[in-house]
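The values are calculated or read from the model by the stated rules, or taken from the named source; none is laboratory data. Source: prediction; values computed, not measured. Cβ placement follows ideal geometry from the backbone for every residue including glycine, while neighbour counts extend to all protein chains displayed. Ligands, DNA and RNA are excluded from the accessible area calculation, which covers all protein heavy atoms including side chains. Shrake-Rupley method; radii C 1.70, N 1.55, O 1.52, S 1.80 Å.
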Amino acid sequence: MGELQALGAVLEGSALGVWARGSTFGYPLVNVVHLLGMVFLLGSACLLDLRIAGAFRALPLAALARILIPAAAVGLLLLVLSGFVMFSADAGPLLGSTTFRWKVALIVLALSNVLAFHLIWGFPNDDQRGMRSSIGRRVMALLSVAMWLGVATLGRLIAYS
């Protein structure tokens, strides 16, 4: 962990870390961008995952996926960029936070689940390969919902740990 702490100290001392910590409006603005990214990612991913799991059957899955997957990707991009800025402001303490480490681990698991879903099932379609009612597909979708909600919850809990 010593090498990570040293890297954290370098990041905190960088121009980005100093700006994020010292700017009156910088950190709050980046925090709002992070929240916007969370809304895009969680809203899009959870709606799509719930549809895959069997909810909202009146909505065509393929059409919904064409809209929600890019929106989720935009949300993820906003989260990564804003998260890096916020991390740079407080890298040392965050690296020492068990809650932060759990959040990062859960992000890796959630992204792995997304990748595995697409490798196994492909693009979400209503009747793709005759697997409309596949239990595996539904379980992966529900796990995705749980993991992304867990990431958001852990993110909020960082401030209290």
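For segment 27-46, the set of residues classified as without any contact (Cβ under 8 Å) to a residue 40 or more places away in the chain and surrounded by fewer than 19 Cβ atoms within 10 Å (Cβ to Cβ) consists of Pro28, Leu29, Val32, Leu35, Val39, Gly43, listed by residue number.
Checking Gly122, Gly96 one by one, the residue that is touching a helix residue (DSSP H, G or I) at 6+ places or on another chain (Cβ under 8 Å), at positive phi and modelled with pLDDT under 95 is Gly122 and no other. Can you pull out every residue in segment 1-17 that is surrounded by fewer than 11 Cβ atoms within 10 Å (Cβ to Cβ) and within 12 Å of Val85 (Cα to Cα)? Correct list: Ala15 only.
Criterion applied to Val10, Val85, Val30 was being more than 22 Å from the chain's Cα centre (by Cα), β-branched (Val, Ile, Thr) and assigned to a helix (DSSP H, G or I), and the one residue passing it is Val10.
Only residues that are of a type outside the set (D, E, K, R), open to solvent by 60 Å² or more (accessible area, probe 1.4 Å) and either at pLDDT 85 or above or in a helix (DSSP H, G or I) (or both) were counted in segment 125-138, giving 2. The residues listed here are Ile52, Ile67; of these, the one that is open to solvent by 20 Å² or more (accessible area, probe 1.4 Å) and either in a helix (DSSP H, G or I) or touching a residue at least 12 places away in the same chain (Cβ under 8 Å) (or both) is Ile67.
For segment 94-119, a residue qualifies if it is open to solvent by 40 Å² or more (accessible area, probe 1.4 Å) and outside any helix (DSSP H, G or I), and exactly one does: Gly96.
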